[in-house]
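**Student:** Dropping the structure in here first, questions after.
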Amino acid sequence: MPFLALVAAVLLLGIADSMVNSYIVLFAADVVGLTPLQIGVWASTSAIGGITISWWLGRAFDRRPARAYAIVVTLLGAGGYLLLPRVSSFPVLLLMAATVLGAMGAAFPQLFTLARSVLGEGTAGQRSAPLLRSAWSLAWAVGPLLGALVLSRGGYSWLMWTAAVVFLGSALTVFVVPRPGPVLVTGSSPGRTPVLLIVSVTLFFTAMFAGGLALPLFVTRALHQQPASIGVLFSVCAAVEVVATLGLAMAPARVSQRALILGGFGSFVGYYALTVVSSGMAMLVIGQALRGVGIAIVGAAGIRYFQDLLAPATGRATTLFANASTAGLLVSGVLSGLAVEHFGYRTTLLLCGVVSALGAVAFTLGSRRRRLSPAEDQTIVRG
């Protein structure tokens, strides 16, 4: 069944991604010896590579749909993580970030684009985004704990190598998905680029990635928790994401997408407000629950929102959303590194909350200007 194959590919991709990215900051700081600013530059370079490759492949998919795009970029990422433990030169790390590691950023939107293309515009296609997003969230519930286990037994080298094998499994699974059909010519044309909505998504993910860089250091350095606690926190967040994303797929048609997405922004602001006053794991865990709700709503409903707005250009729509999130990584890398060095961990997290609130304002204005039809605004899952 195509949908199950897609779920498996997304699940494996997410497990590998969460295994490495839950600990990549600590790897860069403790093993390679990078400063917070260098870590930020490295993350931003990876984002630039991801945006460029995703943009190119998104337009290529709309012209000539194919599974090969997702397969190739995942294989490149697997090769990159096989080599990463043996690299200590900062210039070489930057080169890898811009190429093989950055290419991995295109795998996520390519799988979601492939799902919409293969499953069509009916009920299955409409539900593909939230359901696949729930698989991604489930992967992030499992991956950090699996990463913690591998890290405790084999260190960072085995963590990267294990993730590379899982990435390989994801690429091979895509071969089971049927080839997408040719592009169908329709009488409609994709809508204009929703600039304010792109800004809102970029601000949301800027806050998410910046917080993701600052949180491990805050928890281990300021609150003196063990490194394995980071995996626990990320897993709690991902578990909540799974439940919240499945809830989106089953939500009744009368529920407004716009209101839900704004609620997701509000939940994210609440997460940062709670985190900056935390003094131990209990409050951090509650904060991660709010974080999971916010990521689930904006991540899942947001993809669907863009696909509906820009139909039938599915590749362009999904890539715009994904690149907006990657642009958040690009912006957050250097800024979070500078903020941590000059203002400390708590202030950086507080600033992330402010950025989340600004994203909510941008989405409010952008979604009003779009003047969606009742079907677009009210429907989360058709059928």
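The values are calculated or read from the model by the stated rules, or taken from the named source; none is laboratory data. Being a predicted model, the structure only gives us computed values, none of them experimental. Glycine gets a Cβ as well: all are built from the backbone with ideal geometry, and neighbour counts include every protein chain shown.
**Student:** When the range 37-77 is examined, which residues are found to be more than 26 Å from F112 (Cα to Cα), buried (at least 22 other Cβ atoms within 10 Å of the Cβ) and not aromatic (F, W, Y)?
**Tutor:** Listed by number, the residues that qualify are I39, G40.
**Student:** How many residues are modelled with pLDDT of 90 or more, farther than 19 Å from S88 by Cβ and not small (G, A, S) when one looks only at the range 144-162?
**Tutor:** Counting residues in the range 144-162 that are modelled with pLDDT of 90 or more, farther than 19 Å from S88 by Cβ and not small (G, A, S) gives 5.
**Student:** Evaluate the range 230-245: report whether one residue or more is under 17 Å from S336 (Cα atoms), part of a helix (DSSP H, G or I) and under 16 Å from the mean Cα position of the chain (by Cα).
**Tutor:** no
**Student:** A43 is checked against (1) under 24 Å from L149 (Cβ atoms); (2) modelled with pLDDT under 85 and fails just one. What number does that condition carry?
**Tutor:** The single condition A43 does not satisfy is (1).
**Student:** Right, another one. Residues to consider are G328, G344, G333; find the one that is over 26 Å from Q226 (Cα atoms) and among the small types (G, A, S). Quick ask: steps written out before the conclusion?
**Tutor:** On the way: G344 fails: over 26 Å from Q226 (Cα atoms); G333 fails: over 26 Å from Q226 (Cα atoms).
Being over 26 Å from Q226 (Cα atoms) and among the small types (G, A, S) holds for just one of G328, G344, G333, which is G328.
**Student:** Can you name every residue in the range 216-237 that is crowded, with 22+ Cβ neighbours inside 10 Å and either of a type in the set (S, T, N, Q) or more than 15 Å from Y272 (Cβ to Cβ) (or both)?
**Tutor:** P216, I230, G231, F234, S235
**Student:** Just checking, does the range 78-94 include any residue being among the hydrophobic types (A, V, I, L, M, F, W, C), buried (at least 16 other Cβ atoms within 10 Å of the Cβ) and under 20 Å from the mean Cα position of the chain (by Cα)?
**Tutor:** yes
**Student:** Can I ask one more? Take V293 and decide whether it is without any contact (Cβ under 8 Å) to a residue 60 or more places away in the chain and farther than 23 Å from A339 by Cβ.
**Tutor:** Yes; evaluated as a whole, the condition is true for this residue.
**Student:** What pairs come out if I take residues in the range 253-279 that are at negative phi and assigned to a helix (DSSP H, G or I) and pair them with residues that are crowded, with 18+ Cβ neighbours inside 10 Å and among the polar types (S, T, N, Q) whose C-beta lies under 6 Å away, six or more apart or interchain?
**Tutor:** Between residues of the range 253-279 that are at negative phi and assigned to a helix (DSSP H, G or I) and residues that are crowded, with 18+ Cβ neighbours inside 10 Å and among the polar types (S, T, N, Q), the close pairs are R258/S367; F268/S356; V269/S356.
**Student:** Considering only the range 1-31, state which residues are closer than 20 Å to M96 by Cβ and under 14 Å from the mean Cα position of the chain (by Cα).
**Tutor:** L13, A16, D17, S18, M19, V20, N21, S22
**Student:** Further, regarding this structure: Determine, yes or no, whether L76 is more than 22 Å from L172 (Cβ to Cβ) and in a helix (DSSP H, G or I).
**Tutor:** On the way: more than 22 Å from L172 (Cβ to Cβ): no; in a helix (DSSP H, G or I): yes.
No; evaluated as a whole, the condition is false for this residue.
**Student:** Go through V118, V165 for me and flag whichever is modelled with pLDDT under 85 and surrounded by fewer than 23 Cβ atoms within 10 Å (Cβ to Cβ).
**Tutor:** Step by step, each of V118, V165 is checked, and only V118 is modelled with pLDDT under 85 and surrounded by fewer than 23 Cβ atoms within 10 Å (Cβ to Cβ).
**Student:** Can you list residue pairs whose Cβ atoms sit under 9 Å apart, with the first residue in the range 35-57 being under 16 Å from V334 (Cβ atoms) and the second being among the aromatic types (F, W, Y)? Count only pairs 6 or more apart in sequence or on different chains.
**Tutor:** Here the result reads Q38/F90; V41/F90; W42/F90; A43/F209; A47/F209, each pair linking the range 35-57 to a residue that is among the aromatic types (F, W, Y).
**Student:** Okay, moving on. For the range 269-324, give me each residue that is surrounded by 20 or more Cβ atoms within 10 Å (Cβ to Cβ), of a type in the set (G, A, S) and closer than 18 Å to L358 by Cβ.
**Tutor:** G294, G302, A324
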